[in-house]
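The values are calculated or read from the model by the stated rules, or taken from the named source; none is laboratory data. Keep in mind the model is a prediction, meaning the values are calculated, not measured. Heads up, the Cβs are rebuilt from the backbone with ideal geometry, glycines too, and the neighbour counts pull from every protein chain shown.
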Amino acid sequence: MGGGRQWTAPRGTPAAVGACGRVDCALMATCLVTGGAGFLGSHLCDELLSRGNRVICVDNLATGSLANIEHIRTDSFVHLSLDIIEPYFVDQQVDFVYHLASPASPIDYLRLPLHTLKVGSYGTHHTLGLAKQHRARFLTASTSEVYGDPQVHPQPESYWGHVNPIGPRGVYDEAKRYAEALTMAYHRQQGVDTAIVRIFNTYGPRMRPHDGRAIPTFLRQALENRPITVFGDGSQTRSFCYVEDLIRGIILLAESGFHQPVNIGNPDEFTLLELAGIVIELTGAKSEIVFEALPTDDPQVRQPDISLAGELLSWSPAIDLREGLKRTLAALTAPDTERLDR
Ligand code: NAD
(Lines give C-alpha, C1' and ligand atoms only; values in the text may rest on other atoms or scores of the structure.)
Protein backbone atom coordinates (compact mmCIF):
# COMPACT_ATOMS: atom_id res chain seq x y z
CA MET A 1 0.00 0.00 0.00
CA GLY A 2 1.81 3.11 -1.12
CA GLY A 3 1.39 6.78 -0.59
CA GLY A 4 -0.41 6.82 2.76
CA ARG A 5 0.77 7.91 6.17
CA GLN A 6 1.33 5.17 8.69
CA TRP A 7 1.52 5.45 12.44
CA THR A 8 3.48 2.81 14.33
CA ALA A 9 3.01 2.43 18.05
CA PRO A 10 6.21 3.29 19.97
CA ARG A 11 8.06 0.39 21.60
CA GLY A 12 6.55 -0.44 24.95
CA THR A 13 3.02 0.58 23.97
CA PRO A 14 0.77 -2.11 25.39
CA ALA A 15 -0.82 -4.24 22.71
CA ALA A 16 -4.49 -3.66 22.17
CA VAL A 17 -6.49 -6.27 23.95
CA GLY A 18 -7.18 -8.96 21.43
CA ALA A 19 -8.27 -11.54 23.94
CA CYS A 20 -11.77 -10.18 24.32
CA GLY A 21 -14.24 -10.10 21.46
CA ARG A 22 -14.38 -6.61 20.03
CA VAL A 23 -18.14 -6.20 20.16
CA ASP A 24 -18.90 -8.43 23.15
CA CYS A 25 -16.26 -6.92 25.37
CA ALA A 26 -15.72 -3.20 25.02
CA LEU A 27 -13.47 -2.97 28.05
CA MET A 28 -9.81 -2.37 27.27
CA ALA A 29 -10.47 -2.24 23.57
CA THR A 30 -8.53 0.12 21.33
CA CYS A 31 -10.78 2.76 19.82
CA LEU A 32 -9.74 5.02 16.96
CA VAL A 33 -11.69 8.28 16.93
CA THR A 34 -11.45 10.49 13.84
CA GLY A 35 -12.32 14.07 14.74
CA GLY A 36 -11.37 13.29 18.35
CA ALA A 37 -10.18 16.87 19.03
CA GLY A 38 -13.56 18.33 18.06
CA PHE A 39 -16.57 19.12 20.24
CA LEU A 40 -18.24 15.68 20.17
CA GLY A 41 -15.08 13.69 19.48
CA SER A 42 -13.29 14.99 22.59
CA HIS A 43 -16.26 14.07 24.81
CA LEU A 44 -16.28 10.63 23.17
CA CYS A 45 -12.54 10.21 23.87
CA ASP A 46 -13.11 11.20 27.52
CA GLU A 47 -15.91 8.67 27.92
CA LEU A 48 -14.07 5.83 26.16
CA LEU A 49 -10.99 6.44 28.33
CA SER A 50 -13.08 6.59 31.50
CA ARG A 51 -14.44 3.14 30.58
CA GLY A 52 -10.91 1.76 30.43
CA ASN A 53 -10.32 1.79 26.66
CA ARG A 54 -7.24 2.91 24.79
CA VAL A 55 -7.92 5.78 22.37
CA ILE A 56 -6.17 6.83 19.18
CA CYS A 57 -7.43 10.30 18.26
CA VAL A 58 -6.90 11.19 14.59
CA ASP A 59 -7.49 14.88 13.97
CA ASN A 60 -5.81 17.53 11.83
CA LEU A 61 -7.41 20.36 13.86
CA ALA A 62 -9.23 21.74 10.79
CA THR A 63 -12.14 22.79 13.03
CA GLY A 64 -11.12 21.19 16.34
CA SER A 65 -8.64 22.33 18.96
CA LEU A 66 -5.85 20.91 21.10
CA ALA A 67 -7.55 22.76 23.95
CA ASN A 68 -10.31 20.11 23.82
CA ILE A 69 -7.89 17.27 24.60
CA GLU A 70 -5.10 18.96 26.56
CA HIS A 71 -6.65 17.83 29.86
CA ILE A 72 -6.15 14.15 28.89
CA ARG A 73 -3.06 12.87 30.60
CA THR A 74 -2.78 9.12 30.24
CA ASP A 75 -0.62 6.72 28.27
CA SER A 76 -3.87 5.17 27.01
CA PHE A 77 -4.37 8.19 24.73
CA VAL A 78 -2.49 9.32 21.64
CA HIS A 79 -3.29 12.16 19.23
CA LEU A 80 -2.21 11.74 15.60
CA SER A 81 -2.26 14.91 13.55
CA LEU A 82 -3.33 13.36 10.23
CA ASP A 83 -5.57 14.63 7.45
CA ILE A 84 -7.84 11.66 6.68
CA ILE A 85 -8.51 12.99 3.18
CA GLU A 86 -5.13 11.31 2.49
CA PRO A 87 -4.75 7.54 2.99
CA TYR A 88 -3.57 6.65 6.51
CA PHE A 89 -2.74 3.48 8.38
CA VAL A 90 -2.25 2.48 11.99
CA ASP A 91 0.19 -0.30 12.78
CA GLN A 92 -1.52 -1.81 15.79
CA GLN A 93 -4.76 -3.61 16.54
CA VAL A 94 -7.86 -1.41 16.42
CA ASP A 95 -11.15 -2.79 17.76
CA PHE A 96 -13.57 0.10 17.22
CA VAL A 97 -13.45 2.97 14.73
CA TYR A 98 -15.59 6.01 15.52
CA HIS A 99 -15.59 8.23 12.43
CA LEU A 100 -16.53 11.78 13.45
CA ALA A 101 -14.12 13.91 11.40
CA SER A 102 -16.01 16.50 9.38
CA PRO A 103 -16.77 20.18 9.63
CA ALA A 104 -20.15 20.25 11.37
CA SER A 105 -21.32 23.80 11.93
CA PRO A 106 -22.76 25.76 8.99
CA ILE A 107 -20.06 28.44 9.39
CA ASP A 108 -17.38 25.76 8.94
CA TYR A 109 -18.84 23.83 6.02
CA LEU A 110 -19.82 26.97 4.14
CA ARG A 111 -16.20 28.17 4.57
CA LEU A 112 -14.77 24.73 3.66
CA PRO A 113 -17.13 23.33 0.99
CA LEU A 114 -14.59 21.17 -0.88
CA HIS A 115 -12.92 19.98 2.30
CA THR A 116 -16.35 18.96 3.62
CA LEU A 117 -17.10 16.94 0.48
CA LYS A 118 -13.64 15.36 0.52
CA VAL A 119 -13.68 14.37 4.18
CA GLY A 120 -17.14 12.83 3.74
CA SER A 121 -16.01 10.89 0.65
CA TYR A 122 -12.22 10.23 0.64
CA GLY A 123 -11.98 10.52 4.44
CA THR A 124 -14.81 8.05 4.99
CA HIS A 125 -13.38 5.72 2.30
CA HIS A 126 -9.92 5.69 3.96
CA THR A 127 -11.40 5.19 7.42
CA LEU A 128 -13.64 2.35 6.26
CA GLY A 129 -10.57 0.77 4.64
CA LEU A 130 -8.73 1.02 7.96
CA ALA A 131 -11.67 -0.61 9.77
CA LYS A 132 -11.74 -3.39 7.17
CA GLN A 133 -8.00 -3.99 7.53
CA HIS A 134 -8.31 -4.29 11.32
CA ARG A 135 -11.66 -6.13 11.25
CA ALA A 136 -12.88 -3.39 13.56
CA ARG A 137 -16.45 -2.37 14.26
CA PHE A 138 -16.96 0.96 12.37
CA LEU A 139 -19.41 3.70 13.32
CA THR A 140 -19.91 6.79 11.18
CA ALA A 141 -21.36 10.04 12.52
CA SER A 142 -24.14 10.99 10.15
CA THR A 143 -26.63 13.74 10.78
CA SER A 144 -30.25 14.81 10.83
CA GLU A 145 -29.25 16.98 7.84
CA VAL A 146 -29.68 13.87 5.66
CA TYR A 147 -33.42 14.56 6.08
CA GLY A 148 -32.95 18.11 4.68
CA ASP A 149 -36.00 20.36 5.11
CA PRO A 150 -38.22 17.43 6.10
CA GLN A 151 -41.72 16.80 4.83
CA VAL A 152 -42.26 14.06 7.39
CA HIS A 153 -42.33 15.09 11.04
CA PRO A 154 -40.89 13.82 13.33
CA GLN A 155 -38.26 12.08 11.23
CA PRO A 156 -37.98 8.27 11.45
CA GLU A 157 -34.93 6.49 9.98
CA SER A 158 -37.13 5.15 7.17
CA TYR A 159 -37.65 8.71 5.79
CA TRP A 160 -35.38 9.35 2.77
CA GLY A 161 -35.28 13.11 3.18
CA HIS A 162 -35.82 16.32 1.25
CA VAL A 163 -32.40 17.74 0.43
CA ASN A 164 -31.37 20.42 -2.06
CA PRO A 165 -28.14 18.94 -3.48
CA ILE A 166 -26.96 22.17 -5.12
CA GLY A 167 -27.74 24.72 -2.40
CA PRO A 168 -24.94 25.99 -0.14
CA ARG A 169 -25.78 23.41 2.56
CA GLY A 170 -25.66 20.61 -0.03
CA VAL A 171 -21.91 20.13 0.50
CA TYR A 172 -22.56 18.91 4.03
CA ASP A 173 -25.88 17.13 3.52
CA GLU A 174 -24.74 15.25 0.41
CA ALA A 175 -21.30 14.42 1.88
CA LYS A 176 -23.11 12.76 4.78
CA ARG A 177 -25.60 10.98 2.50
CA TYR A 178 -22.68 9.72 0.39
CA ALA A 179 -20.84 8.61 3.54
CA GLU A 180 -23.91 6.58 4.53
CA ALA A 181 -24.07 4.98 1.06
CA LEU A 182 -20.34 4.17 1.19
CA THR A 183 -20.69 2.69 4.66
CA MET A 184 -23.54 0.39 3.56
CA ALA A 185 -21.55 -0.65 0.46
CA TYR A 186 -18.52 -1.59 2.60
CA HIS A 187 -20.87 -3.56 4.81
CA ARG A 188 -22.72 -5.33 2.00
CA GLN A 189 -19.83 -5.94 -0.38
CA GLN A 190 -16.80 -6.09 1.93
CA GLY A 191 -18.41 -7.50 5.07
CA VAL A 192 -17.27 -4.64 7.30
CA ASP A 193 -19.15 -4.51 10.60
CA THR A 194 -20.63 -1.01 10.30
CA ALA A 195 -23.03 1.28 12.16
CA ILE A 196 -24.53 4.65 11.25
CA VAL A 197 -25.66 7.16 13.87
CA ARG A 198 -27.83 10.05 12.68
CA ILE A 199 -27.03 12.77 15.19
CA PHE A 200 -29.56 15.54 15.83
CA ASN A 201 -28.48 18.96 17.18
CA THR A 202 -26.26 18.41 20.18
CA TYR A 203 -24.84 20.98 22.58
CA GLY A 204 -22.67 21.22 25.67
CA PRO A 205 -19.29 22.36 26.95
CA ARG A 206 -16.49 22.88 24.36
CA MET A 207 -18.74 24.22 21.60
CA ARG A 208 -16.94 27.16 20.05
CA PRO A 209 -18.73 30.43 20.95
CA HIS A 210 -18.41 31.68 17.37
CA ASP A 211 -19.29 28.45 15.55
CA GLY A 212 -22.61 29.92 14.40
CA ARG A 213 -24.87 27.31 15.97
CA ALA A 214 -27.84 28.62 17.95
CA ILE A 215 -26.97 27.59 21.51
CA PRO A 216 -23.35 28.85 21.71
CA THR A 217 -24.35 32.02 19.84
CA PHE A 218 -27.28 32.77 22.15
CA LEU A 219 -25.23 31.98 25.28
CA ARG A 220 -22.36 34.20 24.16
CA GLN A 221 -24.67 37.05 23.29
CA ALA A 222 -26.59 36.72 26.58
CA LEU A 223 -23.43 36.56 28.71
CA GLU A 224 -22.25 39.75 27.00
CA ASN A 225 -25.69 41.36 27.46
CA ARG A 226 -25.84 41.91 23.72
CA PRO A 227 -28.92 41.47 21.49
CA ILE A 228 -29.78 37.84 20.72
CA THR A 229 -29.99 37.30 16.97
CA VAL A 230 -32.77 34.97 15.86
CA PHE A 231 -33.01 33.99 12.18
CA GLY A 232 -36.34 34.50 10.39
CA ASP A 233 -39.28 35.02 12.74
CA GLY A 234 -37.91 32.41 15.16
CA SER A 235 -40.82 30.02 14.64
CA GLN A 236 -38.61 27.30 13.13
CA THR A 237 -38.10 24.42 15.54
CA ARG A 238 -35.13 22.41 16.70
CA SER A 239 -34.62 19.70 19.28
CA PHE A 240 -31.44 19.86 21.34
CA CYS A 241 -29.61 16.90 22.86
CA TYR A 242 -27.12 17.31 25.70
CA VAL A 243 -23.71 15.91 24.77
CA GLU A 244 -23.57 13.36 27.61
CA ASP A 245 -26.82 11.73 26.41
CA LEU A 246 -25.55 11.62 22.83
CA ILE A 247 -22.20 10.02 23.70
CA ARG A 248 -23.99 7.32 25.74
CA GLY A 249 -26.18 6.56 22.72
CA ILE A 250 -23.24 6.47 20.30
CA ILE A 251 -21.31 3.97 22.43
CA LEU A 252 -24.39 1.78 22.90
CA LEU A 253 -24.88 1.72 19.13
CA ALA A 254 -21.21 0.94 18.48
CA GLU A 255 -21.42 -1.97 20.90
CA SER A 256 -24.61 -3.31 19.32
CA GLY A 257 -24.44 -5.43 16.20
CA PHE A 258 -26.84 -3.16 14.30
CA HIS A 259 -26.03 -1.92 10.77
CA GLN A 260 -28.93 0.32 9.71
CA PRO A 261 -29.01 4.04 10.61
CA VAL A 262 -30.23 4.99 14.09
CA ASN A 263 -31.41 8.45 15.16
CA ILE A 264 -29.90 9.77 18.37
CA GLY A 265 -31.26 13.08 19.62
CA ASN A 266 -33.63 14.65 22.08
CA PRO A 267 -37.21 14.78 20.77
CA ASP A 268 -38.24 17.77 22.93
CA GLU A 269 -38.92 20.42 20.30
CA PHE A 270 -38.51 24.18 20.81
CA THR A 271 -38.89 27.18 18.53
CA LEU A 272 -35.75 29.30 18.23
CA LEU A 273 -37.69 32.10 19.92
CA GLU A 274 -38.44 29.82 22.90
CA LEU A 275 -34.77 28.86 23.09
CA ALA A 276 -33.74 32.54 23.12
CA GLY A 277 -36.24 33.18 25.96
CA ILE A 278 -34.89 30.27 28.05
CA VAL A 279 -31.29 31.46 27.55
CA ILE A 280 -32.23 34.99 28.66
CA GLU A 281 -34.03 33.59 31.71
CA LEU A 282 -31.18 31.26 32.77
CA THR A 283 -28.44 33.85 32.30
CA GLY A 284 -30.45 36.73 33.75
CA ALA A 285 -29.34 38.76 30.72
CA LYS A 286 -30.81 42.13 29.76
CA SER A 287 -30.56 41.17 26.07
CA GLU A 288 -33.29 42.04 23.61
CA ILE A 289 -34.16 39.68 20.73
CA VAL A 290 -33.45 40.90 17.18
CA PHE A 291 -34.37 39.14 13.94
CA GLU A 292 -32.09 38.46 10.96
CA ALA A 293 -32.66 36.99 7.49
CA LEU A 294 -33.23 33.23 7.37
CA PRO A 295 -30.26 31.36 5.81
CA THR A 296 -30.88 29.55 2.49
CA ASP A 297 -32.53 26.11 2.88
CA ASP A 298 -32.80 26.51 6.66
CA PRO A 299 -35.03 23.60 7.81
CA GLN A 300 -38.38 24.70 9.25
CA VAL A 301 -38.76 21.79 11.64
CA ARG A 302 -36.47 19.17 13.12
CA GLN A 303 -37.37 16.47 15.61
CA PRO A 304 -36.02 12.92 15.85
CA ASP A 305 -38.24 9.88 16.08
CA ILE A 306 -36.17 7.90 18.59
CA SER A 307 -38.36 4.80 18.86
CA LEU A 308 -35.70 2.64 17.19
CA ALA A 309 -32.97 3.73 19.63
CA GLY A 310 -35.39 2.98 22.47
CA GLU A 311 -36.24 -0.52 21.22
CA LEU A 312 -32.76 -1.46 20.09
CA LEU A 313 -30.52 0.16 22.69
CA SER A 314 -32.94 0.99 25.52
CA TRP A 315 -31.65 4.52 25.02
CA SER A 316 -33.45 7.76 25.69
CA PRO A 317 -32.10 11.17 26.69
CA ALA A 318 -32.01 11.90 30.43
CA ILE A 319 -31.02 15.58 30.50
CA ASP A 320 -33.62 18.19 29.54
CA LEU A 321 -32.84 21.51 27.86
CA ARG A 322 -32.83 23.66 31.00
CA GLU A 323 -30.55 21.24 32.89
CA GLY A 324 -28.22 20.88 29.90
CA LEU A 325 -28.04 24.64 29.43
CA LYS A 326 -27.26 25.11 33.12
CA ARG A 327 -24.39 22.62 32.83
CA THR A 328 -23.10 24.30 29.68
CA LEU A 329 -23.27 27.71 31.34
CA ALA A 330 -21.49 26.41 34.43
CA ALA A 331 -18.64 25.11 32.24
CA LEU A 332 -18.49 28.37 30.29
CA THR A 333 -18.27 30.55 33.36
CA ALA A 334 -16.01 28.29 35.46
CA PRO A 335 -12.53 29.76 35.91
CA ASP A 336 -9.82 28.19 33.70
CA THR A 337 -12.06 25.58 32.14
CA GLU A 338 -14.37 25.70 29.11
CA ARG A 339 -13.90 29.41 28.45
CA LEU A 340 -15.88 31.53 26.05
CA ASP A 341 -12.86 33.25 24.57
CA ARG A 342 -11.09 30.09 23.44
P1 NAD B 1 -16.24 19.65 15.23
O2 NAD B 1 -15.97 20.55 14.07
O3 NAD B 1 -16.11 20.21 16.60
O4 NAD B 1 -15.36 18.35 15.14
C5 NAD B 1 -14.94 17.76 13.92
C6 NAD B 1 -13.48 17.37 14.06
O7 NAD B 1 -13.06 16.75 12.84
C8 NAD B 1 -12.57 18.56 14.31
O9 NAD B 1 -11.77 18.34 15.44
C10 NAD B 1 -11.74 18.66 13.04
O11 NAD B 1 -10.46 19.21 13.24
C12 NAD B 1 -11.73 17.22 12.57
N13 NAD B 1 -11.47 17.10 11.13
C14 NAD B 1 -12.13 17.73 10.13
N15 NAD B 1 -11.61 17.40 8.94
C16 NAD B 1 -10.61 16.51 9.19
C17 NAD B 1 -9.68 15.81 8.36
N18 NAD B 1 -9.69 15.95 7.03
N19 NAD B 1 -8.78 14.98 8.95
C20 NAD B 1 -8.76 14.83 10.31
N21 NAD B 1 -9.61 15.49 11.13
C22 NAD B 1 -10.52 16.32 10.59
O23 NAD B 1 -17.72 19.08 15.01
P24 NAD B 1 -18.65 18.25 16.00
O25 NAD B 1 -19.82 19.08 16.34
O26 NAD B 1 -17.85 17.66 17.10
O27 NAD B 1 -19.16 17.09 15.02
C28 NAD B 1 -18.54 15.82 14.99
C29 NAD B 1 -19.25 14.92 14.01
O30 NAD B 1 -20.62 14.77 14.38
C31 NAD B 1 -19.27 15.45 12.57
O32 NAD B 1 -19.09 14.37 11.68
C33 NAD B 1 -20.65 16.03 12.42
O34 NAD B 1 -21.08 16.00 11.09
C35 NAD B 1 -21.47 15.11 13.30
N36 NAD B 1 -22.69 15.80 13.79
C37 NAD B 1 -22.61 16.73 14.78
C38 NAD B 1 -23.76 17.35 15.23
C39 NAD B 1 -23.75 18.34 16.37
O40 NAD B 1 -24.81 18.81 16.77
N41 NAD B 1 -22.61 18.70 16.92
C42 NAD B 1 -25.00 17.04 14.64
C43 NAD B 1 -25.02 16.11 13.61
C44 NAD B 1 -23.86 15.47 13.21
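Picking from residues in segment 245-278 that are charged (D, E, K, R) and closer than 30 Å to ALA131 by Cβ, the one that is surrounded by the fewest Cβ atoms within 10 Å (Cβ to Cβ) is ARG248. Under the condition of being within 14 Å of the ligand (Cβ to nearest atom) and of a type in the set (Phe, Trp, Tyr), which residue from segment 157-181 is surrounded by the fewest Cβ atoms within 10 Å (Cβ to Cβ)? Ranking the qualifying residues of segment 157-181, first place goes to TYR178. Every condition in (1) crowded, with 21+ Cβ neighbours inside 10 Å; (2) more than 21 Å from GLU323 (Cα to Cα); (3) more than 14 Å from the ligand (Cβ to nearest atom) is met by ARG198 except one, and the failing one is (3). Within segment 279-307, if we keep just the residues that are modelled with pLDDT of 95 or more and within 19 Å of the chain's Cα centre (by Cα), the residue that is surrounded by the most Cβ atoms within 10 Å (Cβ to Cβ) turns out to be PRO304. Suppose the filter is at pLDDT below 95, surrounded by fewer than 22 Cβ atoms within 10 Å (Cβ to Cβ) and in contact with a strand residue (DSSP E or B) (Cβ under 9 Å, 6 or more places away or on another chain); does GLY234 pass it? Yes: the conditions hold for GLY234. Just checking, does segment 164-177 include any residue being outside any helix (DSSP H, G or I), among the aliphatic types (A, V, I, L, M) and out of contact with any Asp or Glu (no Cβ under 6 Å at 6 or more places or on another chain)? Yes, there is a match, as at least one residue in segment 164-177 is outside any helix (DSSP H, G or I), among the aliphatic types (A, V, I, L, M) and out of contact with any Asp or Glu (no Cβ under 6 Å at 6 or more places or on another chain). Within segment 147-156, how many residues are surrounded by fewer than 23 Cβ atoms within 10 Å (Cβ to Cβ), closer than 21 Å to GLU311 by Cβ and either over 20 Å from the mean Cα position of the chain (by Cα) or within 13 Å of the ligand (Cβ to nearest atom) (or both)? Looking only at that region, the number is 3.
Considering segment 123-146, the residues that are assigned to a strand (DSSP E or B) and touching a residue at least 60 places away in the same chain (Cβ under 8 Å) include one that is nearest to the ligand (Cβ to nearest atom), namely ALA141.
Per the conditions (1) surrounded by fewer than 19 Cβ atoms within 10 Å (Cβ to Cβ); (2) at negative phi, the sole criterion not satisfied by THR143 is (1). In this structure, PHE89 does not qualify as more than 23 Å from GLU180 (Cβ to Cβ), crowded, with 17+ Cβ neighbours inside 10 Å and of a type in the set (Phe, Trp, Tyr). For PHE258, the criteria (1) out of contact with any Leu (no Cβ under 7 Å at 6 or more places or on another chain); (2) closer than 22 Å to GLN155 by Cβ hold in every case but one, which is (1). Scanning segment 37-64 for residues that are assigned to a loop (DSSP other than H, G, I, E, B) and more than 7 Å from the ligand (Cβ to nearest atom) yields a count of 3.
Filtering ARG226, ARG213 for residues that are within 13 Å of the ligand (Cβ to nearest atom) and either surrounded by fewer than 22 Cβ atoms within 10 Å (Cβ to Cβ) or under 27 Å from LEU282 (Cα atoms) (or both) leaves a single hit, ARG213.
So that you can scan it fast, the table gives a plain yes or no per residue for (1) part of a loop (DSSP other than H, G, I, E, B); (2) in contact (Cβ under 8 Å) with a residue 60 or more places away in the chain; (3) surrounded by fewer than 24 Cβ atoms within 10 Å (Cβ to Cβ):
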{"residue": "LEU82", "(1), (2), (3)": "yes, yes, yes"}
{"residue": "VAL94", "(1), (2), (3)": "yes, yes, yes"}
{"residue": "TYR98", "(1), (2), (3)": "no, yes, no"}
{"residue": "ALA101", "(1), (2), (3)": "yes, yes, no"}
{"residue": "TYR109", "(1), (2), (3)": "no, yes, no"}
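Evaluation of SER235 against the conditions (1) in a helix (DSSP H, G or I); (2) among the hydroxyl-bearing types (Ser, Thr, Tyr); (3) over 25 Å from LEU332 (Cβ atoms) shows that the sole unmet condition is (1). Which count do you get for residues in segment 307-337 that are farther than 14 Å from GLU244 by Cβ, touching a helix residue (DSSP H, G or I) at 6+ places or on another chain (Cβ under 9 Å) and assigned to a loop (DSSP other than H, G, I, E, B)? Counting residues in segment 307-337 that are farther than 14 Å from GLU244 by Cβ, touching a helix residue (DSSP H, G or I) at 6+ places or on another chain (Cβ under 9 Å) and assigned to a loop (DSSP other than H, G, I, E, B) gives 2. Applying the condition of being within 13 Å of the ligand (Cβ to nearest atom) and of a type in the set (Gly, Ala, Ser) to segment 66-116 and asking which residue is farthest from ALA37 (Cα to Cα) yields SER105.
Within segment 214-231, being within 17 Å of LEU325 (Cα to Cα), outside any helix (DSSP H, G or I) and in contact with a strand residue (DSSP E or B) (Cβ under 7 Å, 6 or more places away or on another chain) holds for one residue alone: ILE228.
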